[in-house]
Number of protein chains: 2
Amino acid sequence: MDDKIYVSYNDIHSAVKRLALLVTASEFKPDVIVAIGSGGFIPARILKTFINRPIYAVGISYYGIDNKPTELPQKIQWIDEVQQKLTGKNILLIDEVDDTRMTLSYCLEELLSHHPQEIAVLVIHNKKKRKQAAFPPEIHRYFAAFEVEDRWIRYPWDAECIEDHDLMAEKTRKAMKEDTQ
Amino acid sequence: MDDKIYVSYNDIHSAVKRLALLVTASEFKPDVIVAIGSGGFIPARILKTFINRPIYAVGISYYGIDNKPTELPQKIQWIDEVQQKLTGKNILLIDEVDDTRMTLSYCLEELLSHHPQEIAVLVIHNKKKRKQAAFPPEIHRYFAAFEVEDRWIRYPWDAECIEDHDLMAEKTRKAMKEDTQ
């Protein structure tokens, strides 16, 4: 039995739409979207359809040259030349998953140093597990589409064959439905 | 009759996979992927699955403050602090569509000023139409998954309802099959 959580593109699209409605219904009015790459790129682009704000991309990796894992995040790309524009702004920071919380916390600290008005965090999946980092105290708003067990999540953009992936995502949906019945 | 071309996420995923095979089979060995945002974000992230290279994002918009259209592209985000790292590198520049060719040409000129080894262009759709800008003479490689008529292309990430969109994409696929029979 494959214990991974498979998610289809349409699952992601619908989840982002639901999150956009939650954000819109909240009192938080984002001025800009900041996408953490590369996992946040696709959710961020979909969110732009429902919350039409400019997207700034930041690239973070836990792999250095030669694909060797690194302990701390490495900046692939940052937005230094734009960051001063973030002062006083409401930022919606997006990633696909809140796993150990390390990447999100790192990005939040970096962004906070430029004195935005507020930063809210939006993810598709939050893994219910002990986090290795805490959010800075300035963070009060957190939007997650799914609260999931600490299992491996297979996103559609990582699929070698998208048709096979969709069959597995169908199984995941059925299993989750049974769990909640 | 709806004359637009509807494309599903799985259509995009499979098209990017085919393009990745073409790139891999060519003599062009990309060092980095540059995604033109926001349309290039999703194809670029999928491409990363098949060609594992870092993604740099650039944001380009033809809409200024207050969503008013502008004649020339506006930089939402650029990669000044990274651009020097592009010197001598093979760059694969990605966007979702080659329409008027204005955005691609603008980005190519900007990137060429930093003396990369070579830049190749990759798009999902090329519209067969008179282009308003030409590629710089340094550009020799061009990968497009589909050559299409000058019709409105509806991408999945812009869908209000992804299920309705998929039904339309199914119709587009059927119509295109009939065209080629």
*Would a scan of region A:100-109 turn up a residue that is among the β-branched types (Val, Ile, Thr), within 22 Å of A:PHE41 (Cα to Cα) and away from chain B (no Cβ under 14 Å)?*
yes
_Filter pass, A:SER14 being out of contact with any strand residue (DSSP E or B) (no Cβ under 8 Å at 6 or more places or on another chain) and at pLDDT 85 or above_ = yes
*Considering region B:19-31 alone, what residues qualify as being surrounded by 14 or more Cβ atoms within 10 Å (Cβ to Cβ), in a helix (DSSP H, G or I) and more than 12 Å from every other protein chain (Cβ to nearest Cβ)?*
B:LEU19, B:LEU22, B:VAL23
*Out of curiosity, is A:SER113 modelled with pLDDT under 95, of a type in the set (Ser, Thr, Tyr) and buried (at least 17 other Cβ atoms within 10 Å of the Cβ)?*
no
*From the set of residues in region A:32-60 that are more than 9 Å from chain B (Cβ to nearest Cβ) and over 22 Å from A:SER105 (Cβ atoms), which is modelled with the highest pLDDT?*
A:ILE51
_Those residues of region A:139-149 which are touching a residue at least 40 places away in the same chain (Cβ under 8 Å) and not in a loop (DSSP other than H, G, I, E, B), in sequence order_ = A:PHE143, A:ALA144, A:ALA145, A:PHE146, A:VAL148
_Being modelled with pLDDT of 90 or more, in contact with a strand residue (DSSP E or B) (Cβ under 7 Å, 6 or more places away or on another chain) and more than 19 Å from A:ARG53 (Cα to Cα): is that true of A:VAL148 here?_
yes
*Please work out which one of (1) polar (S, T, N, Q); (2) modelled with pLDDT of 75 or more; (3) closer than 15 Å to A:ILE55 by Cβ is the condition B:THR24 fails and give its number.*
(3)
*Within region A:150-173, which residues are free of Cβ contacts under 8 Å to residues at least 60 places away in the same chain, under 24 Å from A:THR100 (Cα atoms) and out of contact with any His (no Cβ under 7 Å at 6 or more places or on another chain)?*
A:ASP150, A:ASP158
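Quick one: would you say A:ASP166 is within 28 Å of A:SER26 (Cα to Cα) and within 14 Å of chain B (Cβ to nearest Cβ)? Quick ask: steps written out before the conclusion?
On the way: within 28 Å of A:SER26 (Cα to Cα): no; within 14 Å of chain B (Cβ to nearest Cβ): yes.
Taking the combined requirement at face value, the residue does not satisfy it.
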*When you scan region B:146-161, how many residues do you find that are within 14 Å of chain A (Cβ to nearest Cβ) and closer than 20 Å to B:GLY40 by Cβ?*
6
_Unique match (being under 25 Å from B:VAL58 (Cα atoms) and at pLDDT 95 or above) among A:ILE119, A:ILE79, A:ILE162_ = A:ILE119
*Which of the residues spanning region A:37-63 are assigned to a strand (DSSP E or B) and of a type in the set (Gly, Ala, Ser)?*
A:GLY37, A:ALA57, A:GLY59, A:SER61
*Can you pull out the residues in region A:17-37 that are in contact with a strand residue (DSSP E or B) (Cβ under 7 Å, 6 or more places away or on another chain), under 25 Å from B:HIS165 (Cβ atoms) and of a type in the set (A, V, I, L, M)?*
A:LEU19, A:LEU22, A:VAL23, A:ILE33, A:ALA35
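The values are calculated or read from the model by the stated rules, or taken from the named source; none is laboratory data. These numbers come from a predicted model, not from an experiment. Positions of Cβ are generated from backbone atoms using ideal geometry, with glycine treated the same way; all protein chains shown enter the neighbour counts.
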